[in-house]
Amino acid sequence: MMKLIKILAIAHLLAVIGFIGWLFASGRVNAERLQRVREIFHPTIAQEQALVAETETKAAEQVKLAEEQKRLLEAPMPRTEQIVSAERFQQRAALAVRGLQDEQRRLLDDLSSRERGVTEREEALAKRQVDWETSIAEEKERQTKEQFRKAVRLLEAAPPKQGKDWILELVRTNREDQAVSYLDAMNPAKSAALLKAFKGEGEAKVATDLLERLRQLGLESEINAGAPNGANSADPAADSARTNPADAAAGRPAGPTPNGPVQLPGGAGA
């Protein structure tokens, strides 16, 4: 008997599962319909009846209110009540206009405040950019001058023959102005010793041209600035002086004017 009951139960279960599968396969049941069925059985019959009664009561009240409003609109309004109603309408309209105006002023003030904030931030950013560019330019100029002074100290520390070779290399590569700047910034005794090393063929003419350029450089500085204008010598204890070729030959060459980046000629000595 127990086996028979189990067999029947399994058979009925398979029949129910097959029926449900057939409902889904035939398109008679889907998720939406199952949701509607769940909503139908969710409330009790008493709750559903109470909800229907409440809905009908509200509908009756709405109908009654609509009929009352229709009756009031159709009934003739006395002149006094019309005036009072018009005044109330005007008051409400004025209040609404004032509210809109207040809101407009508030929005305009907020917009102006935001614009001022944006303008202040832009000005601060522009000032920071200018300060940054100025600091970069000053740092670059400082580094350029420092490198120039280092190059001048190298020339002063090098033997006169090696310094002469560097100056000649600058002249051969069409950088006479750079060579003149180095000679102008050197200690007078060092520059005089370097110029004395120009003894080879054609080197005397180069030395003469460099001395003439030194003289012209000094004249231009005095005309433009009203006084000797240039960088300090690499040796702080030495006084710079601008001279003519005769003075340079006597060991008194010109004072310094660093006016370019460091450009020493290449080679093992450099």
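The values are calculated or read from the model by the stated rules, or taken from the named source; none is laboratory data. All of these numbers come straight from a predicted model, not from anything done at the bench. Here the Cβ is made from the backbone with ideal geometry for all residues, glycine too, and neighbour counts use every protein chain on show.
Remarks
- Listed by position, the helices (runs of 4 or more DSSP H) contained in segment 159-250 that have at least 3 residues being modelled with pLDDT of 80 or more and over 48 Å from the mean Cα position of the chain (by Cα) are 160-172, 188-196, 203-225.
- Residue within segment 137-152 that is surrounded by 10 or more Cβ atoms within 10 Å (Cβ to Cβ), out of contact with any Asp or Glu (no Cβ under 6 Å at 6 or more places or on another chain), outside any helix (DSSP H, G or I) and of a type outside the set (D, E, K, R) present: no
- For I17: the one exception among (1) assigned to a loop (DSSP other than H, G, I, E, B); (2) surrounded by 10 or more Cβ atoms within 10 Å (Cβ to Cβ): (1)
- Condition broken by T173, with the remaining ones in (1) among the β-branched types (V, I, T); (2) over 17 Å from A207 (Cβ atoms); (3) buried (at least 21 other Cβ atoms within 10 Å of the Cβ) satisfied: (3)
- V29 satisfies every condition listed in (1) of a type in the set (V, I, T); (2) at pLDDT 90 or above; (3) touching a helix residue (DSSP H, G or I) at 6+ places or on another chain (Cβ under 9 Å) except (2).
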